[in-house]
Amino acid sequence: MQKINLSAQTKAFFRTPRGTRAGLWGAYFLYWASLAPFIPYVSLYYESINLTGTQIGQLGSIRSLVSFASSILLAFLSDFLRRRKLILRVCVLGMTAALLIYPHAASFVTLIPIVVLYSVFLSPTNAILDETTLESLDDPRNFSKVRMGGSVGWGILVFITGWLLDNTAVSLTIIFSLHIILLILLFAFSWLLPEGGRAPGKKTEKVSIKDVWEMLRLPAFLPWMGILFLWGVGDSSIINFLFLHIKHLGGSASLMGAVMSTAILGEIIGFAAAKRIQHKVGTRTMMILSFAVLCVWLITASYIKQPALFLFFMVIAGTGFTLMLTGSVAYVNQRAPKKIGTTAQAIRGAIQMGLGSGVGALISGALYQAYGSAALYRIMGGFAFIGFLLALLLRSVERSRENTISNNF
């Protein structure tokens, strides 16, 4: 009887506003904690089975480009069916199935279908969590406080993974085991999350492709998605090649984990200040500032010779990431119709972390193979600077148009 009461009390708590926020914080924690042993370390695994820099970039590109398509399709399906948790669980099970066979592939060719399978289910989960969180909050500007759970999970597990690789007898295949364990926990935890997409007492609006098309035709919406694409291209060199860069500078796996963990300090600072920054400068200026941070980071990284310096320098990268994430999520949330909120966030993520990262991984792999990691970051820094200038130009054109419209009235 006590167990039944405890179960009922737990479910009742997670139905309250505070419990809902805590549940979503925990879901972000588990999702990003599950990715932390895999995403940054998989390039080391690829190199350990003798893949070239070009092949590592190509596999990273496949992961991102497949995610670009699948995240939009599955997110639209979740909006259409109004069954977000069901789609989330399907994605978790799909990733788990791919990870079980991942370590058995020992060549570039045999890895391709496994990477494709994994990538199909990778991205929709985050879009579902983003939109469910935005729906659940009285003030969407508090999104960053909930999303911080993902940063904490990532920071803890990326450090633990590096420590295990350096101080125990485990092999690099541990990255798959840790990923699977945390995905299983997320699957179980999903029963405590709100369904989302179903407003009690309100008639459910029908969702169609026409809604998505009308959103894409909003003034300046696609140009800003293009800006997100450029940011994803530059950021992909960090995601796919930072650990290889640190390794070639003489850094250990423990240092790699610690370096990525220190980025969390920057993310926590950024998330804590995000609401105030958004209120003061707006969503588009936040995205512009993130480009400036990315540019400085990439160019400076290319000149660092002591890998331990990344322990301090990654704080800057973490801050830049939160500026882009919170700014872009808020921008899309403000402009997209609510009934296709998950699809809209999936399009945002797919363009930035799917298409942008995919193209960036191809470019980064080729540059890494031809010129090495230092030159890679120098060139990508120049690319980020071009993106920064284009974002400034777009914002200037928008303001000029807004002033013209205001004067006409």
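The values are calculated or read from the model by the stated rules, or taken from the named source; none is laboratory data. Only a predicted model underlies this, so the values are computations on that prediction, with no experimental measurement involved. So basically every Cβ, Gly included, is an ideal-geometry build from the backbone, and we count neighbours across all protein chains shown. What goes into the accessible areas is simple: the full protein's heavy atoms, side chains included, and nothing from ligands, DNA or RNA. Shrake-Rupley method; radii C 1.70, N 1.55, O 1.52, S 1.80 Å.
Quick notes on this one:
- Mean residue ellipticity at 222 nm, helices only, the chain: -27000 deg cm²/dmol; runs of at least 4 DSSP H residues each add -39,500 (n - 2.57), and the sum is divided by the number of residues.
- Per residue, the convex hull spanned by the Cα atoms of the stretch 287-409 measures out at 118 cubic angstrom.
- Estimated FRET transfer efficiency when R0 is 41 angstrom, pair residue 273-residue 187 (beta carbons, to 0.05): 0.75
- The chain: most fluctuating residue of 302, 34, 123 per GNM, C-alpha cutoff 10 Å: 302
- Taking 0.36 nm per residue of separation and subtracting the current Cα-Cα distance, fully stretching the chain between residue 403 and residue 22 would add 132.9 nm.
- Across 25, 213, 154, the residue with the most accessible area heads the list, and the full order at a 1.4 Å probe is 213, 25, 154.
- Overall form of the stretch 119-272 per C-alpha gyration tensor (a/c, 1.5; a/b vs b/c): prolate
- A prolate overall shape is assigned to the stretch 281-342, the ratio a/c of its alpha-carbon gyration tensor axes (a ≥ b ≥ c) being 1.5 or greater and a/b exceeding b/c.
- GNM on the chain, alpha-carbon springs under 10 angstrom: the most fluctuating residue among 107, 190, 64 is 107.
- When a 1.4 Å probe is rolled over the protein heavy atoms, the share of accessible surface on the stretch 65-107 that falls to carbon and sulfur comes to 79 percent.
- Taking the chain as a Gaussian network of alpha-carbon nodes connected by springs under 10 Å, the highest mean-square fluctuation of the residues 24, 185, 323 belongs to 185.
- Convex hull (Cα only) mean projected area of the chain, reported in nm² to one decimal: 21.3 nm²
- Excluding same-chain neighbours fewer than eight residues apart, the aspartates and glutamates reachable from residue 85 by a Cα-Cα span under 19 Å are 130, 131, 135, 195, 205.
- Mean Kyte hydropathy of 0.5 or more with a Cα span along the axis of at least 15 Å, helices from DSSP in the chain: 53-81, 84-101, 108-120, 143-167, 174-189, 221-248, 253-281, 283-301, 310-335, 357-371
- The order of the peptides 175-183, 274-282 by mean Cβ neighbours within 10 Å, most packed first, is 175-183, 274-282.
- Chymotrypsin sites (Phe, Trp or Tyr not before Pro) restricted to DSSP loop in the stretch 238-317 with at most 12 other C-beta within 10 Å: 303
- Ordered from largest to smallest accessible area (heavy atoms of protein chains, 1.4 Å probe), the residues 161, 96 come out as 96, 161.
- Rolling a 1.4 Å probe across the protein heavy atoms gives the stretch 1-117 an accessible surface of 45 Å² per residue.
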